[in-house]
Amino acid sequence: MLLVISAIGCSTGGVVTPATSGSGFVTRQSEAALAAQARGDLALARSIWLTLQTYDPSYEPARGRLLELEQQIQESVADQLDEARRAYARGNRRSGDKALLTVLALQPGNEQAMASLRASVSKASHAKQAEKVREEQNMLALVDQQRRAEQRFVELNQAYRDGDFKQVVSLGQSDELSTSSTAQGIVVSALQQLARRAGSNGEHELELEYLEQAQAIDSNNSALSKQVVDLKQRISSEALKEGIALMKTDLNGAVEKLQLALDYDPDNLAIKRRLRQASTLQKNLEKIRAQ
């Protein structure tokens with residue numbers, strides 16, 4: 001059965017010329033969409049083009065491809081409905097069900113396909129054993145799951161368009177979208193937007209938290225990995241400066257800042273030396289006060 005929300009990370013051979021957008025994400029997803037369309041996986045191709053339209057509204061090829069795909073999908077739906085009717089007329093229920101499931105993968109809300117599939121399952125329940133009936137019901141459950149996944153994907157796109165990036169992250173954790181590379185690509189972009197917001201507000205530890213979440217999803221992104229490393233160094237350096245400054249007036253605060261610096265740069269010998277020095281002074285001061 002076709003799955004609308006699926007995962008494709010790279011293109012395959014025999015694809016037309018990919019997008020020329022400056023965004024690596026747009027280029028990779030354009031190639032994936034073209035590859036999916038070339039092999040007849042129209043539902044997946046549509047899903048990816050929708051994602052690109054959300055990610056970069058100025059990317060014109062997505063609009064044209066979506067119009068082309070909608071026409072192809074309509075034609076394919078009509079062909080599969082005809083195939084289902086012919087299969088049922090021949091008494092080949094399995095082929096009829098398969099054709100209807102193909103329709104529902106392309107158009108999850110197609111009432112004609114749903115009604116025919118329910119009728120087929122109802123007939124099967126009187127003709128076959130209970131186990132077989134459960135198998136058919138499982139197929140319907142998968143169709144319902146498919147519908148929920150597509151609805152979640154629509155919600156994800158809308159949240160991104162609205163700039164509600166925290167909602168994007170939340171939706172990306174749902175069962176329907178957590179395994180979709182297309183959806184997770186949008187989540188990574190949302191996390192990067194949240195990181196930028198935090199950084200512009202001077203909340204660098206929160207900025208790092210968002211970037212590390214993005215890195216956990218897109219672990220092969222070298223640019224993102226470098227951004228995480230650089231930000232850790234920046235936080236560590238600032239904490240070190242603050243810790244050194246506090247050593248003259250607030251040893252407790254100095255130890256806290258120097259420990260933070262070491263947390264983000266654990267191999268830094270200079271920080272370790274300063275932290276030992278501050279800790280020793282802190283203990284000596286406590287002894288003096290205890291006398």
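The values are calculated or read from the model by the stated rules, or taken from the named source; none is laboratory data. Here the structure is a predicted model, which means the values were calculated and not measured. Every residue, glycine as well, gets a Cβ built from its backbone with ideal geometry; the counts of neighbours run over all protein chains shown. These accessible areas exclude ligands, DNA and RNA; they are computed on the full protein's heavy atoms, side chains included. Shrake-Rupley method; radii C 1.70, N 1.55, O 1.52, S 1.80 Å.
Brief remarks follow.
- Of the solvent-accessible surface of region 62-215, computed with a 1.4 Å probe over protein heavy atoms with every protein chain present, carbon and sulfur atoms account for 45 percent.
- What the chain shows is 55 Å² of accessible area per residue, with the surface traced by a 1.4 Å probe over protein heavy atoms.
- Charge context of Glu176, other residues only, Cβ under 13 angstrom, K/R +1, D/E -1: -1
- Hydrodynamic analysis of the chain uses the Kirkwood radius over alpha carbon pairs. Inserted into Stokes-Einstein at 4 °C and 1.567 mPa s, it gives a translational diffusion coefficient of 56 µm²/s.
- Dipole of the chain, positive direction: furthest Cα of Ala119, Ala270, Leu224, with charges on the beta-carbon: Ala270
- A simple packing score, the average count of other Cβ atoms within 10 Å per residue, orders the peptides 159-168, 88-97, 30-39 as 30-39, 159-168, 88-97, with the highest score first.
- Multiplying the residue separation of Gln145 and Asn252 by 0.36 nm and subtracting their alpha-carbon distance yields 33.0 nm.
- Mean projected area of the Cα convex hull of region 168-250, taken over all directions, amounts to 6.4 nm².
- Residues Asn201 and Glu75, FRET efficiency given R0 of 41 Å [Cβ-Cβ distance, rounded to 0.05]: 0.20
- Net charge of neighbours whose Cβ lies under 13 Å from the Cβ of Ala105, counting Lys and Arg as +1 and Asp and Glu as -1: -1
- Helix 269-290 vs. the chain, principal-axis angle (Cα, 0 to 90°, nearest 10): 60 degrees
- Highest-first packing order for the peptide set 42-50, 281-289, 259-267 is 42-50, 259-267, 281-289, based on the mean count of other beta carbon atoms within 10 Å.
- Per-pair calculated FRET efficiency, R0 = 51 Å: Ser170 and Gln277 via Cβ, rounded to 0.05: 0.70
- Between helix 222-246 and the chain: long-axis angle, C-alpha atoms, 0 to 90°, nearest 10: 20 degrees
- For a straight C-alpha distance cut-off of 30 angstrom, the lysines reachable from Lys226 (same-chain residues fewer than eight places away being disregarded) are Lys166, Lys241, Lys257, Lys272.
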